[in-house]
Structure formats: structure tokens, C-alpha cells
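The structure appears right after this line, and notes come after that.
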Amino acid sequence: MITQKKSDLVDDLFKSGVGFEAMPLNDVVIPYAEADVLACMDVYIHQMKEFEEPQNSSLMNIVELMNENLLFLVEVEKNGIKIDEEVLQQIEDDYRAEEQEIKKRLDDIVRQVMGDKSYNLKSGVDLTAVIYGREMIDREKHARTWRIGKDSNGKPLFPPRFKDAQHFAKTLDQTTKYVEKTRAVACQKCQKRGIIYKTKKNGEPFKKPTKCPDCNGQGALFLPTGKLAGLGLNPMNASFASANGFKADKKTIDKLIGQARRKNNELAVEFLEKLTRLSAISVYLDSFIKGLKQWMKNGYAHPNFNQCITATGRLSSSNPNWQNIPVRGFPIRKAVVSRFKGGKVTECDFSSLEFRVSVELARDEQGLKDIADGKDVHRQTGSIIFKKPAEQVTKEERQQSKAHTFAPLYGSSGYLYEPYIKAYYESFFEIYKGIGAYQDKCKRGVLKNGIIQTPSGRQYFWPDVERKQNGDVNFSTQICNYPIQGFATGDIVPLACIRALRTFREHGLLSKIILTVHDSIVVDTHPDEISQVEELLTEAMVGVSDEIRDLWGYEMVVPMESETAVGNSWADCK
């Protein structure tokens with residue numbers, strides 16, 4: 001029996017804006033605190049009993065890892081991240097200027113392809129009209145036909161299947177119609193004002209004007225011209241359908257850009273790329289700029305790090321979210337500087353951690369050979385996707401290819417991508433047969449007992465997994481993804497962070513560990529300790545294999561490697 005918290009003592013006070021410091025001590029604060037402590041104790045005792053069960057004993061490794069990692073996170077949150085506020089303001093100003101420029105160009109393109117009527121690019125219905133040149137005939141029929149919504153169990157409905165392209169096109173025409181360009185003509189009823197003044201029965205005018213019913217308050221009527229509107233792009237399959245017509249999320253836009261390029265539709269490419277950029281800028285301004293300004297104190301950001309949020313076990317963070325910060329080149333990184341006079345920012349990254357962990361868990365022969373030979377797997381991906389020798393793949397193409405390198409590791413089949421990209425997904429498991437076999441092994445294991453366990457002892461449980469008609473299993477992506485993500489960023493990265501803090505303290509360094517993002521550790525480095533910090537960070541990461549053997553009795557065959565960079569700001573780490 002677990003002691004219940006006495007939330008009823010404080011709930012109403014909290015709703016009224018009363019904090020603990022203003023609550024009655026003997027009647028509220030002490031009884032609430034005593035119940036809270038007892039409840040925590042009861043939960044702890046109950047959990048410890050569960051850990052004693054044979055099937056759960058391996059989880060004690062994770063408890064110990066997380067407890068020690070908690071000390072690292074306390075240190076990092078306390079240290080804080082030094083922010084150059086002038087640089088941050090300049091970044092915001094640059095984003096605002098770029099945002100206005102993009103909005104103006106998007107409006108120009110919309111006018112060019114849609115005519116005089118204005119469209120709201122935040123509306124799914126309007127975006128469907130602009131991108132696909134279509135609009136729904138009947139919203140309910142559209143939802144039924146394209147199976148949009150959830151079943152009785154709350155799970156998303158599977159998209160409909162079509163016999164062939166002709167069947168798909170016929171259904172498209174039955175549920176949507178083409179949009180025509182419009183031209184504006186002055187509304188005669190309101191004389192272009194958008195408002196009219198009604199009169200009372202006695203002939204007196206009402207004091208307040210009324211929105212013109214003919215033009216809906218716009219001052220103009222928009223007449224069809226008989227010319228097709230929109231960018232001329234088409235939904236590729238049933239998965240493109242949405243409640244508002246057809247999707248315009250980032251993944252869908254990436255596919256549409258490929259379609260537009262094949263059609264040599266440069267205007268559509270420009271529109272979609274600018275739309276994607278506008279969305280990114282909005283996120284940057286709201287999540288990072290606004291977030292930093294809101295949570296910064298005395299020039300330092302102190303984000304919260306959360307160990308118990310993600311399903312895989314990797315860290316998340318908030319206030320603001322540093323774990324979703326984009327890769328190198330992201331301007332916000334320019335604002336992260338050293339607190340020390342003459343100090344530097346040092347970043348140490350694991351090299352291709354997810355790929356190495358996939359090869360490690362699968363013991364894939366080709367992967368082991370590629371790692372030993374120092375092969376650049378992202379360049380290999382680019383060579384397949386862009387159909388050119390690996391040495392001719394550009395830096396930009398290599399960067400674009402990274403997501404596709406990792407996607408098959410997490411169970412993606414690439415079936416929704418364009419043929420030239422899908423070819424890579426098909427080639428991947430021909431090259432790395434062992435990884436494909438490992439994924440099949442994981443699925444069979446989950447079908448048998450519902451559990452996958454990583455070398456650290458971390459467990460993932462799927463009690464409702466079933467074999468599907470196509471031979472795959474439900475939760476397939478999670479089953480392929482979680483053990484790799486969990487062992488890589490849930491176990492190896494925290495262990496490296498623990499090792500880094502341990503060795504910094506042993507050497508009495510003045511430098512401060514300020515951040516861990518994805519598979520990297522970032523340090524605010526004292527000018528006298530630059531080379532020492534590089535050396536200790538490298539040892540903390542590369543030597544993690546030895547600690548894995550000592551802690552968990554697991555001998556890794558894939559070597560861990562890292563890359564270290566130093567700069568005046570985080571952005572300068574090269």
C-alpha cells in the first residue's frame with residue numbers, strides 16, 4: 001500500500017496563486033510534506049522489490065547509471081551557459097529581416113499562381129489550394145474516402161489501397177476539384193469599403209457598420225478566370241491526404257521538392273524551400289530566441305535536463321530545449337561563448353555513434369570492415385542517392401545524406417520517398433546484411449516475449465506486438481529504433497558524460513562542462529586548459545568501451561572514436 005499525497009491541502013491554494021511560503025505551516029505545509037516524503041519512500045521500497053525479480057534485475061544497472069548521471073546534470077545546470085546578449089539580439093534582428101523578406105516573396109508567388117484572392121499560408125486548406133491546385137468538394141466525404149481519423153481503439157486509420165494509378169487519380173477527382181485563378185473586381189454593394197450601413201425600420205441608420213455580405217468585408221469580388229491555379233504539384237499516394245485536403249508538413253514538402261525538380265518547376269521548388277525556411281525561422285524565434293531571453297539570468301542560460309521523458313532513455317531538455325538544436329552552422333551557437341577572459345568553447349562529438357552502435361549490436365561484417373577502413377558512410381549514402389562516385393559527393397550532398405544513413409538503422413523502408421532515394425534504402429540492407437538480420441531477430445524476440453534488452457540491461461517492452469499480413473510486425477520502427485538509440489544516447493553518451501565530469505574533478509579543472517547535445521559534450525574552457533580539456537574529453541569518450549566492460553560485462557568489438565573542435569564561440573568549433 002502506497003501512502004497517498006495530500007494534494008487536496010494545496011490544490012486550491014495553488015490555483016489562487018498562493019505559494020508554499022505563504023501557506024499555513026502547521027496545518028498545510030508540514031502535513032503535505034510528511035505525506036510527500038512517505039509516498040516517495042513507499043514508491044522506492046516497491047520499486048526495489050520489483051528490481052529483485054529475476055526478469056528485472058538487469059535494470060539496476062540503469063538505475064545506478066541514471067543516479068550517477070544525475071550528479072552530472074546537476075553540475076551542468078548549475079554551471080549554466082554563457083550567452084552573448086548582443087550577439088543574440090543581432091541574430092534575432094537577422095531572423096526578423098529574413099522572415100519579412102521570405103513572406104513578401106511567398107506572397108508574390110501566391111499572387112502569381114492563384115490570382116488576386118489572398119491565401120493564408122498557415123491554413124491547411126489554403127496550402128492545399130496553392131501547392132496542389134485543389135480543394136475538397138465535401139470535407140466529410142474526403143475524410144471517409146481517404147480514411148482520415150482514428151479507429152475505435154484510438155489508433156490512426158490505415159490509408160486506403162488502390163489497384164493502380166488510374167484508380168488513385170479517379171478517387172482524387174471524386175473528392176477534390178481544381179481551383180481556378182481569380183481576378184478582383186470592386187464590390188458595388190459597399191463601394192470597395194467592405195462595410196455597409198443598414199437602416200432601422202424608421203429610416204435611421206445604425207450607429208455601427210455591418211460587414212458587406214456580398215464581398216464578405218473584403219471590398220472586392222474574386223471572379224474565376226477559367227485558368228488553373230496552384231503550383232501544379234500532385235499528391236503521390238494516399239498517405240498525402242489530410243483532414244484539410246493534402247499534407248504540407250516538412251517530410252511531405254521534401255518529397256514534393258523532388259517532384260518539382262523532376263518537372264523542372266523552379267517556381268514550386270523556390271516556394272516550397274522558402275516555406276520550409278519560414279517555418280524553421282518561426283521555430284527558432286519562438287523556441288530559441290524567445291526561450292533564451294525568457295529563461296536567461298545575468299547572461300547565463302540554465303536549461304533543465306530531463307532523464308525520464310523520452311521512451312528510448314536519451315536526455316531531453318526544456319527552458320529552452322537544447323536537445324533539438326540544429327547541427328553546426330545554426331546561428332544561435334554564435335551566442336554561446338566563454339565566461340573566462342581569453343577562454344574558448346570546446347565540443348567533443350562521438351564519430352558516427354548510431355552507425356557504430358548498429359554495427360556493434362548486429363556484429364555486421366561489412367560494417368566492421370568499413371569502420372576499420374575509416375569509410376565515410378555518409379559519403380557512401382550520397383554516392384548511391386546522387387548516383388556519383390563517393391569522392392565527387394559535395395559537402396552539402398553529404399550533409400543531406402546523413403538522415404538517410406540513419407533512417408534504415410531505425411527501421412525506415414523509404415517506401416514513401418522518390419525512386420532515386422528509395423534505391424538507397426534497398427541497397428542498404430544488401431550492403432549491411434547483418435543489420436537487417438539483427439532487426440529481424442529483434443522482431444522475432446519481441447513476438448516471443450515482448451522484450452528487447454540492450455547490453456547495459458536496459459529493457460523495452462511491447463506487450464501487444466502482433467505479426468501483420470505483410471509479414472512485418474506492428475511497432476516495427478520502435479523495435480528497430482529503441483535498442484540503438486537507447487544504447488547509443490541513453491547509455492553510452494551519459495556514461496561518457498559521467499567519465500568527463502569525474503576526470504575534470506580529479507584534475508581540479510577550472511573549465512566548466514555546460515552542455516551535452518545528441519552525442520556531444522560542450523565545455524566552457526579556461527584559456528590555460530585548452531589542450532588538457534581536449535585530451536580529457538577524448539579519453540572520456542574513446543575509453544567508454546572499457547567502462548562498459550567493467551560495469552556491464554559486455555565486450556565491445558566496435559571502437560569508439562571522437563572528434564574535438566575549439567572556437568571563440570560554439571559556432572566557431574571547427
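Among the residues of the stretch 504-517, is there at least one that is part of a loop (DSSP other than H, G, I, E, B) and either within 23 Å of the chain's Cα centre (by Cα) or more than 27 Å from Glu64 (Cα to Cα) (or both)? Yes, that holds for at least one residue. Could you please let me know if Phe340 is at pLDDT 90 or above, of a type outside the set (Gly, Ala, Ser) and either more than 23 Å from Pro494 (Cα to Cα) or in the same structural domain as Glu561 (by TED's automatic domain parsing) (or both)? Yes; evaluated as a whole, the condition is true for this residue. Based on what the data block shows, is Leu292 in a loop (DSSP other than H, G, I, E, B) and buried (at least 18 other Cβ atoms within 10 Å of the Cβ)? Taking the combined requirement at face value, the residue does not satisfy it. Restricting attention to the stretch 243-251, does a residue exist that is in a helix (DSSP H, G or I) and out of contact with any strand residue (DSSP E or B) (no Cβ under 6 Å at 6 or more places or on another chain)? Yes, the stretch 243-251 has at least one match. In the set Glu547, Glu555, only one residue is over 32 Å from the mean Cα position of the chain (by Cα), surrounded by fewer than 18 Cβ atoms within 10 Å (Cβ to Cβ) and not β-branched (Val, Ile, Thr); that residue is Glu555. Inclusion of Ala488 among residues that are under 23 Å from the mean Cα position of the chain (by Cα), surrounded by 19 or more Cβ atoms within 10 Å (Cβ to Cβ) and either on the phi > 0 side of the Ramachandran plot or small (Gly, Ala, Ser) (or both) is warranted.
Can you tell me which residues in the stretch 208-225 are farther than 21 Å from Val110 by Cβ and outside any loop (DSSP other than H, G, I, E, B)?
Thr210, Lys211
When the residues of the stretch 56-83 are filtered to those that are part of a loop (DSSP other than H, G, I, E, B) and farther than 30 Å from Lys293 by Cβ, which remaining residue is farthest from the chain's Cα centre (by Cα)?
The initial filter retains those residues of the stretch 56-83 that are part of a loop (DSSP other than H, G, I, E, B), namely 57-58, 80.
From the residues that got through so far, the ones that are farther than 30 Å from Lys293 by Cβ too are 57-58.
On the way: Ser57: 33, Ser58: 30 Å.
For the stretch 56-83, the residue satisfying everything is Ser57.
Determine, yes or no, whether Leu368 is in contact with a helix residue (DSSP H, G or I) (Cβ under 8 Å, 6 or more places away or on another chain), modelled with pLDDT of 90 or more and assigned to a helix (DSSP H, G or I). The answer is yes for Leu368.
What about Gln166, is it in contact with a strand residue (DSSP E or B) (Cβ under 9 Å, 6 or more places away or on another chain), of a type in the set (S, T, N, Q) and at pLDDT below 95? Taking the combined requirement at face value, the residue does not satisfy it.
From the list Ser383, Ser282, Ser338, pick out the single residue that is crowded, with 19+ Cβ neighbours inside 10 Å and touching a residue at least 60 places away in the same chain (Cβ under 8 Å).
Ser338
The set of residues from the stretch 531-564 being under 21 Å from Lys341 (Cβ atoms) and either touching a strand residue (DSSP E or B) at 6+ places or on another chain (Cβ under 6 Å) or in the same structural domain as Arg363 (by TED's automatic domain parsing) (or both) comprises Val533, Glu534. Taking the stated definitions as given, is Val517 β-branched (Val, Ile, Thr), assigned by TED's automatic domain parsing to the domain that holds Ala335 and over 12 Å from Glu347 (Cα atoms)? Taking the combined requirement at face value, the residue does not satisfy it.
Matching residues to (1) exposed (fewer than 11 other Cβ atoms within 10 Å of the Cβ); (2) among the hydrophobic types (A, V, I, L, M, F, W, C); (3) in contact with a Phe, Trp or Tyr (Cβ under 8 Å, 6 or more places away or on another chain):
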residue	(1), (2), (3)
Ala39	no, yes, no
Val43	no, yes, no
Phe72	no, yes, no
Gly80	no, no, yes
Asp84	no, no, no
Gln100	yes, no, no
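Considering every residue within the stretch 411-433, establish whether at least one is under 30 Å from Arg549 (Cβ atoms), surrounded by fewer than 17 Cβ atoms within 10 Å (Cβ to Cβ) and among the charged types (D, E, K, R). Yes, the stretch 411-433 contains a residue that is under 30 Å from Arg549 (Cβ atoms), surrounded by fewer than 17 Cβ atoms within 10 Å (Cβ to Cβ) and among the charged types (D, E, K, R).
The values are calculated or read from the model by the stated rules, or taken from the named source; none is laboratory data. Fair warning: this is a prediction, and the values are worked out from it, not measured in the lab. All Cβ positions, glycine included, derive from the backbone under ideal geometry; neighbour counts span all protein chains shown.
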